[in-house]
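Trainee: First the structure, then my questions, so here it is.
The values are calculated or read from the model by the stated rules, or taken from the named source; none is laboratory data. Model, not experiment: these values are computed from the prediction. Note: ideal-geometry Cβ built from the backbone for every residue, glycine included; neighbour counts use all protein chains shown. Each accessible area value is taken on the protein alone, full model and side chains, heavy atoms only, with ligands, DNA and RNA left out. Shrake-Rupley method; radii C 1.70, N 1.55, O 1.52, S 1.80 Å.
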Amino acid sequence: MYLPKFSRALVAACVVSGLLSACQPAPEVKSSEPVAAAAQLSGVTPVLELLERITGNPPANLHLQLVQDGEPDWYQLEARDGQLYVSANALTALSYGTYQYLRQTGALSVSWEGNRVAWPAQFADYPTQRVTSLFAQRAYLNVCAYGYSSPWWGWDRWQQELDWMALHGVNNPVAMEGQEYIWQQLWREFGVADTELARYFSGPAFTPWQRMGNIEGHEGPLPDSYIQKKRVLQKQILKRMSDYGMKPVVPAFSGYVPKEFKTLFPQANISAMPKWSGFAHETYWLDPADPLFAKVAKRFIELYNAEYGTQQYYLMDAFNEMLPPVSEQHRYQDLAGYGEALYQSLAQAAPDAVWVMQGWMFGSDQHFWDLASIEAFLSRVPDQKLMIHDIGNDRFDVWQKAKGFYNKQWVFGFIHNYGGSNPVYADLDYYRDKVLVAMQHPDKGNLTGYGVFPEGIHSNSVAYEFMFDLAWQGQAGVTLSWLEHYLKARYGQTSPALLSAWNKVYKAVFSTKYWEPRWWEGSAGAYLLAKRPSLEYLRYTGAPGNLALLDQAVRELAALPATERSTLLSYDLVDFARHAASQHIDMLLQHSMLAYQQHKVAEADLRRQQAKQLMLATDALMAGQQESLFSWVADARAYADNEADAALYERNARLQVSRWGGNKLKDYASKAWHGLYAQYYLPRWELMLDELKQAAIQGKVLDEAKVEQKLLAFEQAWLEQPLAAPLAAPADPYTAVQQIQQLISDSKAAPSNL
C-alpha cells in the first residue's frame, strides 16, 4: 500500500564494520508478558499513536515494551511464532528499533516523498538481538531549515516531521519556532517602540538570519498573525518532543539588539557589526561584558521558559559568519571573556542549562579562528556546560584542528544540504568512514553525539536514511547490501536489473561528498542553469560525479517493465533524470556562449535551441514532484490571513529562491523545481544569449555591465509578475524520461561546426 505522505524511507540497520558491528545476541529483557500494540501499555502510547498515523492500522502481532534502566539508549528485537517483540529503554530507541526491523524486512518505508506499508500476516522468526546507540545525542535540523523548508508549515506538517524524527532515533532536535513572540515581548520591555519593531523584524522566509544577527528588517514587516501562529506551533512541537522523550535545543540571547538600543542605552557598549554577505545594512551587537547584556539575556530566558517551559539545551551563536570585535593587543583575553560572559548570561537564569553553539564559524571563518583563538574562546566555560554542534564535517575538519574542542561535549555531524537547493548527491561511504574516524581518533575528546544538520530538506532521502543508521550499532555490511534492503522496502521489490541500475546511480552521484557547483567562485546556484548568467561560466569545468554513468542508469530505470514500476521508483527516476538533464543543459549553455563569442551564430542558435527544448521538457517532467515553485508560493499564500499578508508571503517565497538579498546570495536557495526552469531560469538565459547574439552579429564585444543591469531588471520585475499556471504531471513519467534522454542523445549527435 502506498500512502502519499511526506516522510522518508530508511532501510536496514547500520552498515559500518568495526565499531558498527553486527548485532550481538543478548539475553531477552525480563519483564511482564508483552502486550499487543492494540492494547494499552503505559509509556509506549506515543509510539503506538505514531504507528497508527503512519500506517493507519498497526498489526496486532506487534508488541512493544519500554524499560527503564539508566543505560545508554538501546533497543531489542525478537520475532517468534509470527509475533514481533520490540523492547527499548527510550521511546526514540523503541520507534527506531521497530522501524529498523520493518524496513529490513521490507514491511515499511517512510519518506518525504511517500510511505509504503506492507504488513506481513506473520513475522518470520528473528533471533533476539540488542542494538545500542553509539551516541547519547542524536541531533537533527539546522537553524536555516526554518527558513528554507518550514516557514509555511502548520501543525499537520510538523507532526509528520516529528514522527519521522522519532522513527529515525532523533532525540536532540533543534527547535527554533516561536522565537519572535519572545523577542517582541523582550524588546518592548526594554523600550523599543512597535514602530521600530516593524522596521526591525525580517520577513517570514528570512527569520533564521535575523535570529543569528546577520540581517535585520529584510523584506518585512513580520505580521503579528505570523508571530502568534508560530507561538502556538512551538508549544505543540515542544509537547510532542517531550512525549517522545526528546530534549530539544531552543534559542537563547547571543547579543544582537535592535538599532534603537543605541539611542535607548547610549552608555552601553554596542558595536555595529560588519555588513553580512553584501547586505547594505549592518546589525548591532551588545558586548557580553556590558552589564546590560546580562539583564537582557536573563529576561529572554525568563520570558522563554514562562511561555514554553524550561529546557536543558539553549543555542547561542554570537558569531555565526560574523567576526568578534577584538583588539589586536588583547585578542585572546577578549575571546576568553566573550566565551565566559556568554555562558554566565545563560547560567544566571538557567543554572542547569547547557549552552549549545554551532562549530560552523570555526570552519567558515578559519582565517580568524586559529587554534589559539578557539581554545581561548572555550577556556572559561565548564566542560559539561557547553556542547558544540560540529555540523560541517562534509566540508571542514574543525574538530581535528581544534583538538576535539578541549574536552567540551560535542556532536559530530554533516550538513549535506545547503540552502535547500536540491542537486542529487551524497557520499554514503564517506559518511560511514568519517564517523569511524571520529570515534577512533585519539583527539576525539568528549564526543557524545552525532547529528545531521541540513539547511533544507525534501531531497536525497536515501542519504538521510543512511546517515541516521550510522548512529546505531547494527548489521555489518557494505553499502550495496544496505541499498538492496533500502530499495526493497521503498519499492516493494527488487530485481537484478533494478539493482544494476541503482549500483550505477550509487557510483555516479552517491559517491560525491560535496556539490561544488552550488558555490562556484562566489556564484551560488546548483547548476549553471540556476545561476545569474555570466561569461565567467565559460571557465566552469563541470560538476562532480559521473554523468555518463548516471545517464546509463536513468535509461535502464526508465526501461524497467511495468511489473517492476512503483510510485516511489517513478519519483526517484524523475529526480535522477532532471539532475542529469540539468547538467546537459549547463554544457549546452556553455557551448552557446562560446559559439556566439566565436561568431559562430548558426551553431550557437542550434545549441541554445537544444538547451531550451531540454529546459522546457525537464520543467514539464518535474510537474509531478512533491515540491514546485507553485506549491512553495501556494503554501506561502495559504499561511496568510488576508490578501496583504498573502502578497507579502508570496514575495518572500519568490525572493528567497531567486535573488535572496544582498549582492552575494543571489540563487543561493535555487531549486530544480517545476516552474523555475521555464519561468525564471530560461528567460534569464534567453536575455543573456540574445545580447551575445547581437554582439556577435555586430562584431562587438559584449557589454557585460549593460547585460548585468538588464538581468537585475528582469529579476526585479519577475518578483511582481503573476506566475503562469502549472503544468499537469506527465501521464507516464517513464516515457517522459525516455524522451528527455533522446533529446540529450540528439544534442550529442548534432554537428558542432555549423
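Trainee: Here are the criteria: (1) touching a helix residue (DSSP H, G or I) at 6+ places or on another chain (Cβ under 8 Å); (2) of a type outside the set (D, E, K, R); (3) crowded, with 21+ Cβ neighbours inside 10 Å. Tell me which single one Y406 does not satisfy.
Mentor: The single condition Y406 does not satisfy is (3).
Trainee: Kindly evaluate W685 against the criterion of being closer than 23 Å to G522 by Cα, in a loop (DSSP other than H, G, I, E, B) and open to solvent by less than 10 Å² (accessible area, probe 1.4 Å). Give the derivation first.
Mentor: Details: closer than 23 Å to G522 by Cα: yes; in a loop (DSSP other than H, G, I, E, B): no; open to solvent by less than 10 Å² (accessible area, probe 1.4 Å): yes.
Spelling it out, it is not the case that W685 is closer than 23 Å to G522 by Cα, in a loop (DSSP other than H, G, I, E, B) and open to solvent by less than 10 Å² (accessible area, probe 1.4 Å).
Trainee: If you go through segment 625-661, how many residues are in contact with a His (Cβ under 8 Å, 6 or more places away or on another chain) and not acidic (D, E)?
Mentor: 6
Trainee: Also, quick follow-up: Scan segment 625-638 for residues that are surrounded by fewer than 19 Cβ atoms within 10 Å (Cβ to Cβ), closer than 16 Å to L222 by Cα and of a type outside the set (K, R) and jot them down.
Mentor: A638
Trainee: Identify all residues within segment 535-556 that are within 30 Å of A705 (Cβ to Cβ) and either outside any loop (DSSP other than H, G, I, E, B) or charged (D, E, K, R) (or both); write none if there are none.
Mentor: Within segment 535-556, the first condition is being within 30 Å of A705 (Cβ to Cβ), and the residues that meet it are 535-543.
Scanning segment 535-556 gives L535, E536, Y537, L538, R539.
Trainee: Let me ask another. Which condition number does R532 fail, the rest of (1) outside any helix (DSSP H, G or I); (2) open to solvent by less than 10 Å² (accessible area, probe 1.4 Å); (3) under 29 Å from W660 (Cβ atoms) being met?
Mentor: Checking R532 against (1) outside any helix (DSSP H, G or I); (2) open to solvent by less than 10 Å² (accessible area, probe 1.4 Å); (3) under 29 Å from W660 (Cβ atoms), the one that fails is (2).
Trainee: Could you check P120 against (1) in a loop (DSSP other than H, G, I, E, B); (2) modelled with pLDDT of 95 or more; (3) over 26 Å from A175 (Cα atoms) and say which number it fails?
Mentor: The one condition P120 does not meet is (2).
Trainee: Does A595 satisfy being open to solvent by less than 40 Å² (accessible area, probe 1.4 Å), assigned to a helix (DSSP H, G or I), more than 22 Å from A620 (Cα to Cα) and in contact with a Ser or Thr (Cβ under 9 Å, 6 or more places away or on another chain)?
Mentor: yes
Trainee: Go through the residues of segment 149-158 one by one and say whether even a single one is buried (at least 23 other Cβ atoms within 10 Å of the Cβ) and touching a residue at least 40 places away in the same chain (Cβ under 8 Å).
Mentor: Yes, there is a match, as at least one residue in segment 149-158 is buried (at least 23 other Cβ atoms within 10 Å of the Cβ) and touching a residue at least 40 places away in the same chain (Cβ under 8 Å).
Trainee: Within the group K295, K262, which residue is more than 30 Å from D352 (Cβ to Cβ), more than 28 Å from the chain's Cα centre (by Cα) and at pLDDT 95 or above? Quick ask: steps written out before the conclusion?
Mentor: Numbers: K295 fails: more than 30 Å from D352 (Cβ to Cβ).
Exactly one of K295, K262 is more than 30 Å from D352 (Cβ to Cβ), more than 28 Å from the chain's Cα centre (by Cα) and at pLDDT 95 or above, namely K262.
Trainee: A further question follows. Has segment 363-373 got at least one residue that is within 25 Å of C144 (Cα to Cα), in a helix (DSSP H, G or I), open to solvent by 10 Å² or more (accessible area, probe 1.4 Å) and in contact (Cβ under 8 Å) with a residue 12 or more places away in the chain?
Mentor: Taking every residue of segment 363-373 in turn, at least one turns out to be within 25 Å of C144 (Cα to Cα), in a helix (DSSP H, G or I), open to solvent by 10 Å² or more (accessible area, probe 1.4 Å) and in contact (Cβ under 8 Å) with a residue 12 or more places away in the chain.
Trainee: For segment 730-754, which positions are of a type in the set (D, E) and either outside any helix (DSSP H, G or I) or crowded, with 17+ Cβ neighbours inside 10 Å (or both)?
Mentor: D732
Trainee: Out of the residues in segment 409-434 that are open to solvent by 10 Å² or more (accessible area, probe 1.4 Å) and in a helix (DSSP H, G or I), which is nearest to L315 (Cα to Cα)?
Mentor: Only one residue fits best here, namely K434.
Trainee: Answer yes or no as to whether W276 is aromatic (F, W, Y), more than 23 Å from the chain's Cα centre (by Cα) and modelled with pLDDT under 95.
Mentor: In short, no.
Trainee: What are the pairs, 6+ residues apart or on separate chains, where a residue within segment 53-82 that is part of a loop (DSSP other than H, G, I, E, B) has its Cβ under 6 Å from a residue that is open to solvent by 20 Å² or more (accessible area, probe 1.4 Å) and of a type in the set (S, T, Y)?
Mentor: Close Cβ pairs satisfying both conditions: P72/T132.
Trainee: Exactly one condition in (1) in contact with a strand residue (DSSP E or B) (Cβ under 6 Å, 6 or more places away or on another chain); (2) surrounded by 23 or more Cβ atoms within 10 Å (Cβ to Cβ) is false for L589; which is it?
Mentor: (1)
Trainee: Looking at R53, R103, which is the one that is of a type outside the set (A, V, I, L, M) and open to solvent by 20 Å² or more (accessible area, probe 1.4 Å)?
Mentor: Selected residue: R53, the only one of R53, R103 that is of a type outside the set (A, V, I, L, M) and open to solvent by 20 Å² or more (accessible area, probe 1.4 Å).
Trainee: Buried (at least 22 other Cβ atoms within 10 Å of the Cβ), within 24 Å of the chain's Cα centre (by Cα), free of Cβ contacts under 8 Å to residues at least 40 places away in the same chain and under 18 Å from Y146 (Cβ atoms) - does that describe any residue in segment 195-207?
Mentor: Yes, segment 195-207 has at least one match.
Trainee: Of the residues Y304, Y338, Y314, which is closer than 24 Å to Q400 by Cα, touching a Phe, Trp or Tyr at 6+ places or on another chain (Cβ under 9 Å) and not in a loop (DSSP other than H, G, I, E, B)? Show your work before the answer.
Mentor: On the way: Y304 fails: closer than 24 Å to Q400 by Cα; Y314 fails: closer than 24 Å to Q400 by Cα.
After applying the criteria, what remains is Y338.
Trainee: Can you tell me which of A306, A289, A336, A318 is closer than 24 Å to W187 by Cα and either open to solvent by less than 20 Å² (accessible area, probe 1.4 Å) or touching a strand residue (DSSP E or B) at 6+ places or on another chain (Cβ under 7 Å) (or both)?
Mentor: On the way: A306 fails: either open to solvent by less than 20 Å² (accessible area, probe 1.4 Å) or touching a strand residue (DSSP E or B) at 6+ places or on another chain (Cβ under 7 Å) (or both); A289 fails: either open to solvent by less than 20 Å² (accessible area, probe 1.4 Å) or touching a strand residue (DSSP E or B) at 6+ places or on another chain (Cβ under 7 Å) (or both); A336 fails: closer than 24 Å to W187 by Cα.
After applying the criteria, what remains is A318.
Trainee: Cβ-Cβ under 8 Å, sequence separation 6+ or interchain: first residue in segment 703-729 and open to solvent by 80 Å² or more (accessible area, probe 1.4 Å), partner outside any helix (DSSP H, G or I). Which pairs?
Mentor: Here the result reads E704/S534; L727/H674, each pair linking segment 703-729 to a residue that is outside any helix (DSSP H, G or I).
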